[in-house]
């Protein structure tokens, strides 16, 4: 049973939400679709938006998208803190605490939002006239655009708190219904604005209206599901607790972009813009695979918070280990294909020049993405179960070493050196996060063996070895036979995984999830 039909408005001391494998699998799929659908809409609509706006106005619109998407970085981690403490309260059956937690977070987000809006309004002239290379004929339009964006800051921040309530309750079907609509409108509204003859400020105003609609929807859903929230209650005593937790989330959010984009700045400084392109193309493609672990970790964060609230360490450890196994089994075959067929993939996609320069980069980064994807699970555990300081401290520790190594590797080995040092960093990061997770929560190492993780790793390695052998042997064979051989390899992998790696609980979860999808 995933969710009991108890009323949520009481303060009874029993847990009204039941975390199960089926629930987590369903929510992971919903999160995945919630990210993929807007991405596909963007791929289709962006060429038409560029054509309608022109390159320079589209550049300003791109900055507007960045502002709308990343203002959550500046919320001091309060959106994540809301999800954490609401899930914990639900786990303990202390729903009477929800109004004070939620409305305290909303109050803080509102204050931070208007402060951020004021700052953006004040710095807009400097930003437009001196920092950004805006053409003179677009200066007034750019200023108006950023002034409108200032009003989006409190809207985006407060939305994060209301969304966190639904995430804490594992209502990801509602979260994604709202997010998909809002994110899709981010790409569709510029086309509608162009059709109506709007200039860029008018288009951004439409996007702001969509975000306000998102906020309204999240708030209305919260008030409908948790009726006790209809009586606002702010507790100043909760501010230190919220900021204490959220502050480490903010530290992580500040460091991550540096760790993510430093390599390209160094390549541009030491090598050339062409080298940046040869590195960025495979990087942007292969790192998109992290949408899979990201979808799962969003679900696990609230689940781990809930299980920590009821002190159910046994199920917490089981979901942790099984999630690692699922990431390895789902991403492993994709990584194998990328590593073994990197040159062919790059040649078909971007031509022989990119294949020659970028194939090695793709192979190295593919391995790094697998390691980085596995690290999402211990990171979600540490943050969800109350230790967000550990991932933040690990990243603070990594930063100076990564900067120094990247500086040397890029100069000595070029873009493959950049890929190598990035993969080295995420590998060390994954090891440290796993080690800290096991030590912080005293998880037994046999948890990995019991849940079949060594077998999962062996299956992926075996698949890679088998396909490498096939690739070597069937080079001169007609392409139809090659396709048949590779399909046979994947069928054997699927059979071995189902028969030996997945236990009865895994199989039942898969069948139940597929049954849910068919009913939907």
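Here, each number is a calculation from the coordinates, and none is a lab measurement. Worth saying up front: this structure is predicted, and the values here are computed from it rather than measured. Methodologically, a virtual Cβ is constructed for each residue, glycine included, from the backbone with ideal geometry; neighbour enumeration extends over all protein chains shown.
Here r is the Cβ-Cβ distance between residue 139 and residue 196 and R0 is 25 Å; the resulting FRET efficiency, rounded to 0.05, is 0.60.
Using a cutoff of 8 angstrom between alpha carbon atoms and counting only pairs six or more residues apart, the relative contact order for the chain works out to 18 percent.
When the Cα gyration tensor is reduced to axis lengths a ≥ b ≥ c, the ratio a/c is 1.5 or higher for the chain, and with a/b not above b/c it is classed as oblate. Neighbour counts of C-beta atoms inside 10 Å place 436, 487 in the sequence 487, 436, starting with the fewest. Listed by Cβ neighbour count within 10 Å, with the fewest neighbours leading, 179, 393 appear as 393, 179.
Taking 0.36 nm per residue of sequence separation and removing the Cα-Cα distance, the residue 256/residue 284 pair yields an extension gain of 8.5 nm.
So if each residue of separation counts as 0.36 nm, and I subtract the Cα-Cα distance between residue 270 and residue 129, what length gain in nm does that give?
On the way: separation 141, 0.36 × 141 = 50.76 nm, distance 2.91 nm.
Here the segment from residue 270 to residue 129 would lengthen by 47.8 nm.
Here the simple spin-label model places points 7 Å from the Cα toward Cβ, and for residue 223 and residue 56 these points are separated by 4.5 nm. Could you state the number of Å between the C-alpha centres of the range 115-177 and the range 35-49? After rounding, the separation between the Cα centres reads 21 Å.
R0 = 35 Å: FRET efficiency of residue 399 with residue 440, Cβ-based, nearest 0.05? Don't skip to the end; give the middle numbers.
Details: r = 22 Å, r/R0 = 0.62.
Efficiency, rounded to the nearest 0.05: 0.95.
Taken along its principal axes, the alpha carbon cloud of the range 272-375 reaches lengths of 56, 26, 16 Å, longest axis first.
A full extension of the chain between residue 147 and residue 243 corresponds to an added length of 31.7 nm, given 0.36 nm per residue minus the alpha carbon distance. With a Förster radius of 60 Å applied to the C-beta separation of residue 481 and residue 114, the computed FRET efficiency comes to 0.35. Each peptide in 159-171, 492-504, 242-254 was scored by the mean count of other Cβ atoms within 10 Å over its residues; highest first, the order is 159-171, 242-254, 492-504. For the listed peptides 377-383, 322-328, 35-41, 148-154, a ranking on the average number of other beta carbons within 10 Å per residue, highest first, reads 377-383, 322-328, 148-154, 35-41. Secondary-structure-derived ellipticity at 222 nm for the chain, considering helices only, amounts to -28500 deg cm²/dmol, per-run term -39500 (n - 2.57) for DSSP H runs with n ≥ 4.
Please rank 216, 55, fewest neighbouring Cβ atoms within 10 Å first, as an exposure proxy.
Details: 216 14, 55 8.
By the 10 Å Cβ count, ascending: 55, 216.
Got a sec? Which residues in the range 71-110 would a label at residue 315 touch, if it sits 7 Å along Cα→Cβ and we count backbone N under 18 Å? Flagged as within label range: 84-95.
Treating the Cα atoms of the range 255-445 as identical point scatterers in vacuum, please give the log10 of the normalised Debye intensity I(q)/I(0) at q = 0.12, 0.17 Å⁻¹, two decimals. Values returned for q = 0.12, 0.17 Å⁻¹ are -0.61, -1.07.
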